[in-house]
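Peer 1: I'd like to ask some things about the structure below.
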Amino acid sequence: MKVRKFFVELGGRSYPIYLGRGLLASLGSYCRKHEVPERVVILADRNSARVALRHAISALRKEGFSPLPIVMPAGERQKSLKRAEAVHSFMLRAQVPRRAALLALGGGVVGDVAGFVASTYRRGVMLLQCPTTLLSVVDSSVGGKNGVNLPIAKNAIGTFYQPSFVLSDVDLLPTLPRREIITGLGEVLKYPFVGDPDLLGYIEQFLEPILRVDPRCVMQVASRCLRIKTWYVSRDEKELLQRKGRVSLNFGHTIGHALETLSKYRLRHGEAVLLGIIGEGMISAKRGLLAASAVERLVRLYQRMGCRYNIQRISDRSIARFIFRDGKSKFVLPVTLGRVSVVNDVTERELLEGIGFLRAL
């Protein structure tokens with residue numbers, strides 16, 4: 001299976017994404033090709049370290065690099081200023097110079113922390129992304145959004161800082177538990193609405209092999225997501241366009257971020273986004289924008305995946321307060337497969353109707 005290449009076009013800060021099988025063994029060669037400094041700090045969590053860290057270190061040493069591993073606990077709670085400070089301090093004690101690279105070896109949390117640290121350590125070191133989860137392969141490793149959470153808000157502190165390249169080895173994905181694959185699919189399911197209408201039918205047809213992490217199916221899904229993600233990032237890197245730019249990729253995230261945060265991260269990001277996509281889809285259908293059949297297709301996929309997310313302990317009042325804490329809130333509502341609309345006039349009543357629909361799933 002050939003390596004597939006995608007590009008984020010940002011002038012002098014453009015970079016490639018490499019997607020394929022067995023790529024981790026060639027990590028050192030890719031680093032050499034991109035003129036990575038000799039000192040490479042590898043940030044991993046305990047999950048990604050178990051399956052990939054030894055191989056990453058070996059691949060780097062084979063090409064003459066000097067890797068320095070840092071292993072942190074797993075989980076969304078690690079996406080914090082406290083964890084970023086700990087990584088900064090470790091690198092300072094190890095006397096990591098400014099001419100160094102920081103490699104994110106893991107999922108979205110590792111990628112966010114690594115990106116934040118790389119953009120701020122000694123005012124910036126080279127960043128490399130090597131995603132190890134489906135969600136990070138199809139979405140979070142690309143685009144340069146880096147952030148940490150505060151108790152009152154998710155991604156409240158962060159930077160835009162692009163990697164020099166992204167190396168996605170799909171052979172790492174079969175090690176993931178089924179829950180992590182479903183978490184990744186939660187993020188994947190926004191893409192049929194923001195740029196690839198036929199992707200929803202593909203997922204419906206091949207859901208079982210995707211859940212089994214069949215390499216060909218995963219490559220197909222990831223390729224289609226990356227084409228869309230790179231297009232949006234190249235066009236609107238810092239989400240400055242109000243209507244048809246990168247903000248479109250936030251479909252499902254207004255409700256999703258609220259549920260994720262208010263569940264105290266018992267719901268993983270992709271699980272909360274999956275619920276957000278269905279809930280925001282229902283709001284759109286109630287407005288007469290989206291065909292009810294599209295929401296029904298999403299619900300059938302949700303059921304086929306065996307999802308059963310209990311949000312009964314999260315009150316309507318807390319969800320409404322979280323989403324409307326600054327008055328109006330921005331929603332990305334689907335209009336049809338392939339097209340969304342950004343609105344800021346969703347009412348509390350509409351929101352709670354969408355939440356009620358989720359509670360009944």
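Peer 1: So how tilted is helix 292-304 from the main axis of the chain? Cα-based, degrees 0 to 90, rounded to 10.
Peer 2: Between helix and principal axis, roughly 50 degrees.
Peer 1: Take the alpha carbon gyration tensor of region 188-359, find the square roots of its eigenvalues, order them as a ≥ b ≥ c, and report rounded if a/c is under 1.5; if not, report prolate when a/b exceeds b/c, else oblate. Working shown, then result.
Peer 2: Numbers: a/c = 1.62, a/b = 1.23, b/c = 1.32.
Oblate is the answer for region 188-359, as a/c is 1.5 or above yet b/c matches or exceeds a/b.
Peer 1: Now a separate question. Find out how many positive minus negative residues lie around VAL3, taking Lys and Arg as positive, Asp and Glu as negative, among other residues whose Cβ is under 15 Å from that of VAL3.
Peer 2: On the way: positive: LYS2, ARG4, LYS5, ARG21, LYS33, ARG216; negative: ASP169, ASP171.
So the surrounding residues net to +4.
Peer 1: About its Cα centre, what dipole magnitude does the chain give when the only charges are +1 on Lys and Arg Cβ and -1 on Asp and Glu Cβ, stated in debye to the nearest 20? Show your work: numbers first, answer last.
Peer 2: Numbers: 55 positive and 31 negative charges, 131 e Å.
The dipole magnitude comes to about 620 debye.
Peer 1: At 222 nm, what value in deg cm²/dmol follows for the chain if DSSP H runs of at least 4 each add -39500 (n - 2.57) and the sum is divided by all its residues, to the nearest 500? Present the calculation step by step, with values, prior to reporting the outcome.
Peer 2: Numbers: 13 runs with 152 residues, N = 361.
Per the formula, -13000 deg cm²/dmol.
Peer 1: Right, here's the next one. In whole Hz, what ³J(HN,Hα) sequence does region 146-156 give by Karplus (6.51, -1.76, 1.60; θ = phi - 60°), x for Gly and Pro?
Peer 2: 10, x, 10, 9, 10, x, 8, 6, 8, 6, 6
Peer 1: If you add up the charges near VAL342, with Lys and Arg at +1 and Asp and Glu at -1, over every other residue whose beta carbon is less than 10 angstrom from its beta carbon, what do you get?
Peer 2: Working: positive: ARG243, LYS244, LYS330; negative: none.
Within the 10 Å Cβ shell, the charges total +3.
Peer 1: Could you line up LEU199, LEU211 from fewest to most neighbouring Cβ atoms inside 10 Å?
Peer 2: Final ranking by Cβ density, sparse to dense: LEU211, LEU199.
Peer 1: Relative to the longest principal axis of the chain, what angle (0 to 90°, nearest 10) does the C-alpha long axis of helix 253-262 take?
Peer 2: 80
Peer 1: How far is helix 348-359 tilted off the main Cα axis of the chain, in degrees rounded to 10, range 0 to 90?
Peer 2: 80
Peer 1: Okay, moving on. With springs only between Cα atoms under 10 Å, which of THR183, THR347, THR230 fluctuates most in a Gaussian network model of the chain?
Peer 2: THR347
Peer 1: Are there GluC sites (Glu not before Pro) in region 5-106 that DSSP marks as loop and that have at most 10 other Cβ atoms within 10 Å, and which are they?
Peer 2: Numbers: sites: GLU9, GLU35, GLU38, GLU63, GLU76, GLU85; in loops: GLU9, GLU35, GLU38, GLU63.
Qualifying residues, ordered by number: GLU35.
Peer 1: Rounded, prolate or oblate, given the Cα gyration tensor of region 4-176, with a/c below 1.5 counting as rounded? It would help to have the intermediate numbers written out before the result.
Peer 2: On the way: a/c = 1.27, a/b = 1.19, b/c = 1.07.
Verdict is rounded for region 4-176.
Peer 1: Which one, HIS88, HIS34, HIS55, has the greatest fluctuation when you compute a Gaussian network model over the chain with C-alpha springs under 10 angstrom?
Peer 2: Greatest mean-square fluctuation among the candidates belongs to HIS34.
Peer 1: Counting DSSP beta bridges in the chain, what percent are antiparallel, to the nearest 5? Don't jump to the answer; show the numbers that get you there.
Peer 2: Numbers: 15 of 40 bridges.
Of the beta bridges lying entirely in the chain, close to 40 percent run antiparallel.
Peer 1: Still on this structure, please answer the following. In straight Cα distance, which lysines are under 19 Å from LYS238, not counting same-chain residues fewer than 8 positions off?
Peer 2: Hits, sequence-local ones excluded: LYS145, LYS154, LYS229, LYS330.
Peer 1: Right, another one. State the extension gain, in nm to one decimal, for the chain segment bounded by GLU296 and ARG61, taking 0.36 nm per residue of separation less the distance between their alpha-carbons.
Peer 2: 79.5 nm
Peer 1: Report which label in (1) 21.8, 74; (2) 19.8, 61; (3) 20.0, 66 holds the value of Rg and Dmax of the Cα atoms in Å derived from the coordinates of this structure.
Peer 2: Computing Rg and Dmax of the Cα atoms in Å and matching it to (1) 21.8, 74; (2) 19.8, 61; (3) 20.0, 66 gives (2).
Peer 1: Measuring from label point to label point, each 7 Å out along Cα→Cβ, what is the GLU204 to PHE90 span in nm?
Peer 2: Taking the two extended label points, one gets 4.5 nm.
Laboratory data are not the source of any read-out in this text; all were calculated from the coordinates shown. What you see is a predicted model, and the numbers here were worked out from it, not measured in a lab. Backbone-built Cβ (ideal geometry, glycine too); neighbour counts: all protein chains shown.
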